[in-house]
Amino acid sequence: MTDYVRTRVANRTGIIALDRPKALNSLSLDMVRALTGTLLAWRDDAGIDAVVITSTSEKALCAGGDIRFFHEAGRATPQTGSPLLEDFFTEEYALNHLIHFYPKPYIALMDGVVMGGGMGIAQGGPGCGLRIVTERSKIAMPEVNIGLFPDVGGSHFLSHAPGRLGHYLGVTGVTIGAADAIYVGLADVFVPSAHLDALRALIDATPGAGLPAAIRTFAAPFAPDAGELAAQRETIDRHFGADSVAAVMASLEADASPFAQKTLATLRQRSPLMMSVTREMLVRGESLGVADCLRMERSLVRRTFEHGEVLEGVRALVIDKDNAPRWNPPQLADVTPEMVAWFFAPVWPAHAHPLHGLRDPAGA
């Protein structure tokens, strides 16, 4: 189906290696389908006890979805919805759900860039996931940079981060490293890149059933350099606890600290509308299960392409590279509650939603 997803089995562990290095393993529809097919087959294979997802490149596990494809397909039928876009997001979010509740250990080697859709395939749920980071890890949900919102389950895993850290990461779209990823709960263990060859040898030599414990023991002697978020936790919780994006920015404006002013400058570059949509999505996500979060995001994606904000963001940052997006509306003061509410209005009847069949396991 695709040459970009390579698989093998070693000692009852299924190993998936993404191999699209020139695009930093950005996900195409064919890649999503290959990953889904592989994981479904291994889920029911009694000869597979664990799964590892990794990359053939040290630069990235996965930089996200193929945003050039988003732009091309979205421009072709911006108001009615491209069938290829519809398939991509429906199947990607179903894959995210499959990973979150995978019945076998799901181990993600988050070396290099892991952003957007890459986070969706790395964030195994608490019942299965083991997420490994290195000093090269660059972790982000940067969708607001391109006029989108943090999807692939971001409405769940960001909204359930401690305090307001998830709101901070989602609304700013900033990149964090290993220590901060562990602090926020988006990663579990740290392994220096110099020890990755030894880690890979351990993966090949260890029976799959014992692999998570073996990796934790292997990683126990290592610790990442200090991050920033623990030191800024009180500041983040105070500012991002405000009840709107406008209130967050007003709070930051009153704080002369370098961190607050840097954060404020970042927010001024983002889409005012999509920051507001993102905040509302995270508030709603706090009370939803994974399946309902993904259904909400699936509707939001349709609305976002109908509106066109994402097409403009990708144009400015990726296609024309003028870094001057013409956001609509251009100012936060022009974003009304009605504009935000429109994004959350049902797109389909519940029974016709593309993800209507997703169900979280009982007790999840």
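The values are calculated or read from the model by the stated rules, or taken from the named source; none is laboratory data. Here the structure is a predicted model, which is why all the values come from computation and not from measurement. A quick note on method: Cβ atoms are made from the backbone with ideal geometry, for glycine too, and the neighbour counts reach across all protein chains shown. Accessible surface areas use protein heavy atoms only, side chains included; no ligands, DNA or RNA. Shrake-Rupley method; radii C 1.70, N 1.55, O 1.52, S 1.80 Å.
Remarks
- Ordering 289, 252, 94 by Cα displacement along the dipole of the chain toward the positive end leaves 94 in first place; charges were set at the Cβ atoms of Lys, Arg (+1) and Asp, Glu (-1).
- Dipole moment magnitude, nearest 20 debye, the chain about Cα centre, only Lys, Arg, Asp, Glu C-beta charged: 320
- The chain: DSSP helices with Cα axial extent of at least 18 Å and average Kyte-Doolittle hydropathy no lower than -0.5: 29-43, 83-100, 272-285, 290-307
- Stretch gain in nm, segment residue 319-residue 41, where the contour uses 0.36 nm per residue and the Cα spacing is subtracted: 96.3 nm
- In region 266-364, Rg over Rh equals 1.03, where Rg is the alpha-carbon radius of gyration and Rh the Kirkwood radius from pairwise Cα distances.
- A straight chain from residue 356 to residue 255 at 0.36 nm per residue would run longer than the Cα-Cα distance by 31.9 nm.
- In the chain, the DSSP-assigned H stretches of four residues or longer account for a calculated mean residue ellipticity at 222 nm of -12500 deg cm²/dmol, using -39500 (n - 2.57) per stretch and the full residue count as denominator.
- Under 5 Å, built H, 5+ apart or other chain: amide partners of residue 66: 27
- Residue 266/residue 200 FRET efficiency (R0 45 Å; Cβ-Cβ; nearest 0.05): 0.80
- Each Lys and Arg contributes +1 and each Asp and Glu -1, all at the Cβ; summed about the Cα centre of region 208-340, the dipole is approximately 360 debye.
- 5 angstrom amide H check on residue 5, placed H, neighbours 5+ away: 19
- Annotation: per residue accessible area for the chain equals 40 Å², rounded to a whole number [probe 1.4 Å, protein chains only].
- Amide H to amide H, with H built 1.01 Å from N, residue 360 comes under 5 Å of 291, counting only residues 5 or more places away or on other chains.
- Using the average count of surrounding beta-carbon atoms within 10 Å as a protection proxy, the listed peptides 179-191, 135-147 rank, highest first, as 135-147, 179-191.
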